[in-house]
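Novice: First the structure, which I've put down as structure tokens, then a few questions once you've had a look.
The values are calculated or read from the model by the stated rules, or taken from the named source; none is laboratory data. Predicted, not measured: the structure shown is a model, and the values here were computed from it. When we count neighbours, we look across all protein chains shown, and the Cβ atoms used for this are built from the backbone with ideal geometry, even at glycine.
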Amino acid sequence: MYLLSELLRENNHIHTRYSKCASHQMTVSQIVSRARQLGLRKIALVDHDHDNAENFLQQQEELLREVRACQLQEVPEIIVGAELSAFGVGKYLLSEDEMKKIKFRLFAVNHYHLPFWEHPRSSSARAYAEHLLESTRAVVQSGLAHCIAHPFVANYLKKKVADYTKVTQAIRDAELADIFMLSNEYNVSWELNYRTIFADPSFARRFWQIGNEMGVKFLFGTDAHTLSGIEEPRVMELQIETILSEKVSV
């Protein structure tokens, strides 16, 4: 069983100013200063590939230079990765060779708000659940993924469906257990995403409890787009521990 206090000492989902949706204040130096202030031991900088797909690796090199310029202390450890788009079953924006050059590969499967994202033929909750499961399974089996970002939650569909939590309700416990077992085989982690815990707390409990029962590896991230989005660990722990603590079973 994971201790939240240990998970929260890392933030594996922080966007820099290179992500168009992030604040211009999200420079490496500002992010690192905030992380040190909060006592974080590791951070991962993961910008969206879809903002600059044609020159993404060049952008990564620029970001790495900024990291080297400000990493004068050992803490926090700074990882330069990417939030990569798996916009359909087996469909990616970057080539396999390009993706393999990225140190930390955090895959997003559920960015349904983006215009190029694949949708199932039916708009039913179960159709979206099956599409998410199939797309995520393909990412896990690709051998490319280190971690899955904000898994399965459908809050990106809130403009398309009346109640996006119906999608995660349509995912069966046994289906979660099966894909967790697959991720263990391929050594893929699952993001415990601060935002989505509150967006879909009922699913967050199932995800957390079943994942722990299956022995999966969790990584924590706040999906920060602003400096204030790099949250205080002790405050977050108090906020989310009651949400995740209710017992569920496979």
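Novice: Quickly run through the range 181-219 and pick out the residues that are of a type in the set (Gly, Ala, Ser) and at positive phi.
Specialist: The answer is GLY215, and nothing else.
Novice: Given the residues LEU38, LEU64, which is the only one that is surrounded by fewer than 16 Cβ atoms within 10 Å (Cβ to Cβ) and under 22 Å from the mean Cα position of the chain (by Cα)?
Specialist: Unique residue meeting the criteria: LEU64.
Novice: If you go through the range 76-93 one residue at a time, do you hit one that is over 20 Å from the mean Cα position of the chain (by Cα) and of a type outside the set (Lys, Arg)?
Specialist: Checked the range 76-93: no residue is over 20 Å from the mean Cα position of the chain (by Cα) and of a type outside the set (Lys, Arg).
Novice: Do we find a residue being under 18 Å from ASN12 (Cα atoms), part of a loop (DSSP other than H, G, I, E, B) and not hydroxyl-bearing (Ser, Thr, Tyr) anywhere in the range 159-172?
Specialist: No: the range 159-172 contains no residue that is under 18 Å from ASN12 (Cα atoms), part of a loop (DSSP other than H, G, I, E, B) and not hydroxyl-bearing (Ser, Thr, Tyr).
Novice: Only residues that are surrounded by fewer than 15 Cβ atoms within 10 Å (Cβ to Cβ) and assigned to a helix (DSSP H, G or I): list them for the range 185-196, please.
Specialist: Passing the criteria: GLU185, TYR186.
Novice: Looking at the range 197-250, which of the residues that are among the aromatic types (Phe, Trp, Tyr) and assigned to a helix (DSSP H, G or I) is surrounded by the most Cβ atoms within 10 Å (Cβ to Cβ)?
Specialist: PHE207
Novice: Okay, next question. So which helices (runs of 4 or more DSSP H) are wholly in the range 4-109 and hold at least 1 residues that are more than 15 Å from HIS225 (Cα to Cα) and of a type in the set (Val, Ile, Thr)?
Specialist: So the answer is 56-70.
Novice: Which of the residues that make up the range 110-137 are touching a His at 6+ places or on another chain (Cβ under 9 Å) and either of a type in the set (Asp, Glu) or surrounded by 21 or more Cβ atoms within 10 Å (Cβ to Cβ) (or both)?
Specialist: ASN110, TYR112, GLU118, TYR128, HIS131
Novice: Which residue pairs have Cβ atoms closer than 8 Å, lie 6 or more positions apart in sequence or on different chains, and pair a first residue in the range 99-121 that is on the phi > 0 side of the Ramachandran plot with a second residue that is modelled with pLDDT of 95 or more and surrounded by 16 or more Cβ atoms within 10 Å (Cβ to Cβ)?
Specialist: Pairs found: none.
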